[in-house]
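For reference, the structure is listed below as structure tokens.
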Amino acid sequence: MLAADEIGNLDAEQVLKRLFGAGLEAALPDGKFDHLLPEKPKGRTIVLGAGKASARMARAFEDAWQAPCEGLVITRYGHSVPTRHVRIVEASHPVPDETGLSATREIVELARGAGPDDLVIVLISGGASSLLTMPAEGVSLADKQDITRQLLRSGAPIGAMNTVRKAFSAVKGGKLAIVAAPAKVVTYIISDVPGDDPAIVGSGPSIIARNDPHEVRAILARFRIKVPAHVDRALDAHTGGPDIRPENIVHTIATPRMSLDAASREAERMGITPIILGDAIEGEAREVAVAMAGMVRSIIQYKTPFVAPCVLLSGGETTVTLRPEAAGRGGRNTEFLLALFLALKSHREVAAIACDTDGIDGTENNAGAWFDLASGWTGEADAAAFLDRNDAYNFFKQADRLVTTGPTYTNVNDFRAILVR
């Protein structure tokens, strides 16, 4: 491994972006299907799915399958790729729209038309909760849009958000697999959730789940999500779980941990000691940053719990609770990074990057941002004011420290690397 003075001579921006790039490469679906394919069916192969990575997943499946197939997947606007057999529809994320609703209806009809000799392939990645949208009876698309907007502003973790989404959906929580019965269903997942629970990723459209109205109402109350009376009544109408349990094989082909492991190997190739703090870190973005800053200061001052030079790697999904008066721009990764910057701005030994692996931090056009305190740049004097108004995007934009990748065609959630020299 490199000595501290040797790492001090490295280009921090290049190091950080190489680590992020290695994580992205490991999360792509290409080549991940080869050893996980089912037997060819007597009948048709129908490919269905949704998510920010679903178009790239569909193409990777076609490449591995090397046999006729048909179907439809829904991805976010701008995230389509060319495919030979599977049709791609682009729709709105994170708030669902009419295009997503129409495409979901088509997917349900394709699933309903599957017979006992057919094989249904389900491709799910992060973003499917919004893209694959079909409200439960008694709930409108406008209701779902309103609930989604409230959830996004509430700071609720992804597990809680998707529990609510499943309760008001006619397709999530395994309902798609039920419609496809008696066809065999094989599900492939790229996980963007802490813990990699298939039932949470994309709200589990092919993973059977029970609907507990008491749990849903507790989440709504905790995060102050208001729903009209007719939506509340719909909860009780969809209580419990289905009696049918269709055959379903589930493969998770990419996870946050896989990306962190790849970044760790890349760090070792560069002669830097990697430490993986965890792939399932949750919590308010600025609070997670303060906790990690404390660890960094301990490394610098006391050489514990780790010894510099090193790079701290972590993933998961933090949250941002937007303040009612805030009018700024940004996502959870730039919010994390700005809070980290404020906590460590006097330590020239530190450089860091925080990005969303789907290439979009929040609703902006950047994946995240980076900084290097050794460069002598200490930011604007009012950096705290940027954080107070949830305006981390503009803070890093004025410093030319945004990371812009465009669509990455994958999604294993947050990627953070803190370099301590």
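Nothing in this text is a laboratory measurement; each read-out follows from the coordinates by a stated rule. If you're wondering where the values come from, they're calculated on a predicted model, not measured in any experiment. Note: ideal-geometry Cβ built from the backbone for every residue, glycine included; neighbour counts use all protein chains shown.
Going by C-beta contacts inside 10 Å, put 105, 76 in order with the fewest on the left. Could you put the intermediate results ahead of the total?
Values: 105 14, 76 26.
Placing the least packed residue first, the sequence is 105, 76.
Inverting the mean 1/r over all pairs of different Cα atoms, compute the Kirkwood radius of segment 93-166 and quote it in Å. Write out the running numbers ahead of the final one.
Numbers: mean 1/r = 0.0739 Å⁻¹.
About 13.5 Å, per the Kirkwood formula over Cα pairs.
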>> Quick check for me: using +1 on Lys/Arg Cβ and -1 on Asp/Glu Cβ, what's the dipole size of segment 31-254 about its Cα centre, in debye to the nearest 20?
In response: 380 debye
>> Excluding same-chain pairs closer than 8 in sequence, count the lysine pairs in the chain whose Cα atoms lie under 12 Å apart.
In response: 5
> Which listed residue (89, 121, 103) has the Cα farthest towards the positive end of the charge dipole for segment 21-147, taking +1 on Lys and Arg C-beta and -1 on Asp and Glu C-beta about the Cα centre?
Replying inline: 121
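Based on Cα coordinates alone, diagonalise the gyration tensor for the chain, multiply each eigenvalue by 5, take square roots, and list the semi-axes in whole Å, largest first.
Details: eigenvalues 299, 127, 57 Å².
Equivalent ellipsoid of the chain: 39, 25, 17 Å, largest first.
Can you give the net charge of the other residues whose Cβ lies under 14 Å from the Cβ of residue 407, counting K and R as +1 and D and E as -1? Don't skip to the end; give the middle numbers.
Numbers: positive: 52, 56, 59, 76; negative: 90, 356, 358, 361, 364.
Here the count lands on -1.
When Lys and Arg each count +1 and Asp and Glu each count -1, what net charge do the other residues less than 11 Å away from residue 348, Cβ to Cβ, add up to?
0
Cβ under 10 Å from residue 179's Cβ, residue 179 left aside: what net charge do those residues give with Lys, Arg +1 and Asp, Glu -1?
Details: positive: 112, 175; negative: 109.
Within the 10 Å Cβ shell, the charges total +1.
Take 377, 65, 370 and order them by how many other Cβ atoms sit within 10 Å, fewest up front. Write out the running numbers ahead of the final one.
Values: 377 13, 65 18, 370 23.
Ranking 377, 65, 370 by Cβ neighbours within 10 Å, fewest first, gives 377, 65, 370.
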> For the Cα atoms of the chain, what angle does the longest principal axis make with the long axis of helix 141-154, in degrees from 0 to 90, nearest 10?
Replying inline: 20 degrees
> Taking amide H positions as placed 1.01 Å from N in the peptide plane, with prolines and chain starts having none, which residues 5 or more places from residue 319, or on another chain, fall under 5 Å of its amide H?
Replying inline: 283, 284, 285
> Using only the Cα atoms of segment 46-155, what do you get for the radius of gyration and for Dmax, in Å?
Replying inline: 14.4, 45
> For q = 0.16 Å⁻¹, what log10 I(q)/I(0) does segment 31-254 give under the Debye formula with an equal point scatterer on each alpha carbon and no solvent?
Replying inline: -1.02
> Under a 5 Å amide H to amide H cut-off, with H placed in plane at 1.01 Å, what residues pair with residue 47 once short-range neighbours are removed?
Replying inline: 70, 71, 72, 121
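Over segment 123-183, calculate the relative contact order: mean separation of alpha carbon pairs under 8 Å at least 6 apart, over the residue count, as a percent. Write down the numbers at each step before the final one.
On the way: 28 pairs, mean separation 26.6, N = 61.
Computed value for segment 123-183: 44 percent relative contact order.
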> Can you give the relative contact order of the chain as a percent, counting alpha carbon pairs under 8 Å and 6+ residues apart?
Replying inline: 18 percent
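What is the order of 98, 335, 25, fewest Cβ neighbours within 10 Å to most? Could you put the intermediate results ahead of the total?
Details: 98 11, 335 31, 25 15.
Sorted ascending by nearby Cβ count, the order is 98, 25, 335.
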> If you plug each phi of segment 58-72 into the Karplus form 6.51 cos²θ - 1.76 cosθ + 1.60 with θ = phi - 60°, what whole-Hz ³J(HN,Hα) values come out, in order, with x for Gly and Pro?
Replying inline: 4, 5, 5, 5, 4, 4, 7, 5, 6, 7, x, 7, 8, x, 8
> Can you give the charge dipole size of segment 1-141 about its Cα centre, rounded to the nearest 20 debye, using +1 on the beta carbon of Lys and Arg and -1 on the beta carbon of Asp and Glu?
Replying inline: 360 debye
> Sequence-distant or interchain residues sharing an amide H contact under 5 Å with residue 251, placed H: which?
Replying inline: 187, 188, 189
> So what is the diffusion coefficient of segment 329-421 in µm² per second by Stokes-Einstein at 10 °C and 1.306 mPa s, using a Kirkwood Rh over Cα pairs?
Replying inline: 123 µm²/s
> Could you state the principal axis extents of the C-alpha atoms in segment 127-251, from the largest down, to the nearest angstrom?
Replying inline: 39, 29, 23
>> Give me the Å³ per residue figure for the convex hull around the C-alpha atoms of segment 219-353.
In response: 184 Å³
